[in-house]
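The values are calculated or read from the model by the stated rules, or taken from the named source; none is laboratory data. All values derive from a computational prediction rather than experimental measurement. Quick reminder, even Gly has a Cβ in these numbers, built from the backbone with ideal geometry, and neighbours come from all protein chains shown. The area values use the complete protein model at the heavy-atom level, side chains included, leaving out ligands, DNA and RNA. Shrake-Rupley method; radii C 1.70, N 1.55, O 1.52, S 1.80 Å.
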Amino acid sequence: MTGAGRTDVLISGAGFAGLALGAALAGAGLSVMIVDPSLGRPSGFDPRASTLVAGTRRLLEAIGAWDAIASDAEPMLGMEITDGRLEQILRPVFLQIHGEAAPGEPFAHVAPNGLTKAALLATAERAGVHLAPGRIADLRQVEGGAEAVLADGSTKSARLVVAADGAQSTLRGMAGITSRGWRYDQSAIVTNVRLEKPHHGIAVQHFLEGGPLALLPLRGDRASIVWSERKFQALRLAELDDAGFRDALQKRAGHRFGQIDLDGRRALRPLEFRLAADFARGRVALVGDAAHAIHPIAGQGLNLGLRDVAALAESVVDAARLGQDIGSDAVLARYSGWRRFDTALMTGAMDGLVQLFTTRSGPVRLLRDIGLGLVDRMPTAKRAFIRSAAGLGGEVPRLMRGETL
Ligand SMILES: Cc1cc2nc3c(=O)[nH]c(=O)nc-3n(C[C@H](O)[C@H](O)[C@H](O)COP(=O)(O)OP(=O)(O)OC[C@H]3O[C@@H](n4cnc5c(N)ncnc54)[C@H](O)[C@@H]3O)c2cc1C
């Protein structure tokens with residue numbers, strides 16, 4: 001389908017998932033339009049940086065976005081998990097993961113979200129994606145496709161419509177797909193800091209009573225902080241003056257990296273769990289947080305979303321090459337079957353981790369520390385963990401193997 005008012009694929013949402021999917025499909029020769037009310041507006045303040053696992057980096061490279069990110073992305077060479085109490089200056093390390101996804105390839109990089117988003121936007125534009133401010137107000141199925149009514153009253157026909165509009169996706173509801181989930185009793189404080197001692201590419205995750213505190217290595221011996229705390233406590237901490245906030249953070253971060261100094265403003269983010277009942281219905285497919293939103297405890301949300309993107313792009317492009325209808329039930333069933341089970345496992349595991357690591361029960365804490373200690377002594381289990389955390393376990397889509405579509 002081409003021409004005015006018609007496109008092969010209409011995507012709602014120009015976040016990480018929507019832009020990466022648009023760039024991949026347009027790069028493979030399909031016509032793509034993305035609508036998002038935030039397009040054309042200055043992007044809001046977001047101090048976050050994200051871990052981009054090896055599979056994600058390969059996808060970004062394959063679609064042509066990685067070069068613009070690489071110079072400001074810090075390779076993550078290891079991870080240390082500690083468990084302890086606030087008053088302990090040196091926390092016991094229970095699990096250390098050092099290793100590569102493949103020889104010479106770090107298992108993850110950490111990059112500022114603003115940089116990754118800008119690189120994806122430029123890649124989508126270069127690939128010929130039509131980017132338009134707006135939103136889908138109504139959607140109906142028509143012969144051989146779907147027709148969307150946009151908020152400005154114009155209509156757009158597409159063979160396939162994709163919901164990439166985040167955890168509160170309105171398109172998911174329009175497609176008649178339900179979701180289940182809840183808000184955690186935790187919020188995350190996110191900010192950046194400068195470290196007195198070099199981090200050598202090591203990420204640290206402290207499991208504390210109030211929630212996990214992650215220090216992710218950034219360029220120039222800086223770190224991105226993702227600090228989850230019970231909601232009322234997070235609000236109280238986020239509102240402290242700089243000196244009070246710094247002291248509270250230093251107390252929780254310990255002295256692994258020496259003195260910590262604030263490097264920029266902080267933001268507070270609510271945390272939720274949400275999983276869609278299905279990943280596709282009618283002519284609509286869900287990707288990214290529209291399909292699943294998870295706690296940032298293992299820094300996997302964006303990476304899971306890009307795995308959806310890789311699987312959907314592969315299913316659609318293969319179908320187009322065979323002359324099949326790219327929005328048909330058969331094509332979407334391939335995508336849904338590929339991603340639904342994998343995602344249910346991963347999101348279930350992430351929620352289990354949140355429950356396990358926020359418990360105050362002494363016996364459960366003891367058991368979990370023994371468990372972590374055992375894994376720490378099992379090289380085979382650690383290697384399997386690295387492959388899986390790097391996005392290279394199970395049936396890996398072509399883009400995540402670094403191949404073109
Ligand atoms: C504190 C915190 C730390 C995190 N750290 C990590 C990490 O280290 N690694 C990691 O992998 N993940 C991390 N995540 C998760 C990650 O940020 C999300 O999974 C990711 O942003 C989801 O991308 P997305 O494109 O699916 O959705 P979003 O980023 O939410 O983008 C959705 C887009 O849809 C648009 N939109 C909304 N409504 C509409 C509408 N009606 N019509 C059209 N467009 C619409 C929005 O404007 C936006 O552009 C973290 C999350 C949090 C909260």
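Please find, within segment 31-70, the residue that is farthest from residue 268 (Cα to Cα) out of those that are within 14 Å of the ligand (Cβ to nearest atom) and among the basic types (Lys, Arg). Taking the candidates together, the pick is 57. Would it be correct to say that residue 23 is within 11 Å of the ligand (Cβ to nearest atom) and crowded, with 21+ Cβ neighbours inside 10 Å? No: the conditions fail for residue 23. Just one of the listed residues (164, 188, 158, 127) is modelled with pLDDT of 95 or more and farther than 26 Å from residue 336 by Cβ, namely 188. Note on segment 163-198: residues that are part of a strand (DSSP E or B), charged (D, E, K, R) and within 10 Å of the ligand (Cβ to nearest atom) amount to 0.
Quick grid of which residues meet (1) without any contact (Cβ under 8 Å) to a residue 60 or more places away in the chain; (2) open to solvent by 50 Å² or more (accessible area, probe 1.4 Å):
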position	(1), (2)
103	yes, yes
110	no, no
132	no, no
150	no, no
164	no, no
167	no, no
172	no, no
178	no, yes
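Listed conditions (1) within 16 Å of the ligand (Cβ to nearest atom); (2) open to solvent by 10 Å² or more (accessible area, probe 1.4 Å); (3) closer than 30 Å to residue 151 by Cα; (4) not in a loop (DSSP other than H, G, I, E, B) are all met by residue 205, apart from (3). All but one of (1) away from the ligand (no atom under 16 Å from the Cβ); (2) touching a strand residue (DSSP E or B) at 6+ places or on another chain (Cβ under 9 Å) hold for residue 230; state the number of the condition that does not hold. Failing condition for residue 230: (1). Against the definition (of a type in the set (Asp, Glu), under 15 Å from residue 399 (Cα atoms) and within 12 Å of the ligand (Cβ to nearest atom)), how does residue 289 come out, yes or no? Against the criterion (of a type in the set (Asp, Glu), under 15 Å from residue 399 (Cα atoms) and within 12 Å of the ligand (Cβ to nearest atom)), residue 289 does not qualify. Within segment 387-405, the only residue that satisfies the criterion of being in contact with a Ser or Thr (Cβ under 9 Å, 6 or more places away or on another chain) and surrounded by fewer than 17 Cβ atoms within 10 Å (Cβ to Cβ) is 394.
Can you tell me how many residues within segment 134-148 are surrounded by 15 or more Cβ atoms within 10 Å (Cβ to Cβ) and either among the small types (Gly, Ala, Ser) or outside any loop (DSSP other than H, G, I, E, B) (or both)?
7
Inside segment 268-280, can you point out the residues that are surrounded by 15 or more Cβ atoms within 10 Å (Cβ to Cβ) and under 22 Å from residue 233 (Cβ atoms)? Correct list: 268, 269, 271, 272, 273.
Which of the residues belonging to segment 313-335 are of a type outside the set (Asp, Glu), on the phi < 0 side of the Ramachandran plot and surrounded by fewer than 22 Cβ atoms within 10 Å (Cβ to Cβ)? The answer is 317, 319, 320, 321, 322, 324, 328, 330, 333, 334. Put simply, of 236, 256, 246, 219 the only residue that is open to solvent by 20 Å² or more (accessible area, probe 1.4 Å) and within 16 Å of the ligand (Cβ to nearest atom) is 219.
Just to be sure before I move on: is residue 14 in contact with a Ser or Thr (Cβ under 8 Å, 6 or more places away or on another chain) and touching a residue at least 12 places away in the same chain (Cβ under 8 Å) in the structure I sent? Before you say what the answer is, go through the steps one by one.
Details: in contact with a Ser or Thr (Cβ under 8 Å, 6 or more places away or on another chain): yes; touching a residue at least 12 places away in the same chain (Cβ under 8 Å): yes.
The answer is yes for residue 14.
Take residue 119 and decide whether it is surrounded by 21 or more Cβ atoms within 10 Å (Cβ to Cβ) and modelled with pLDDT of 95 or more. Yes.
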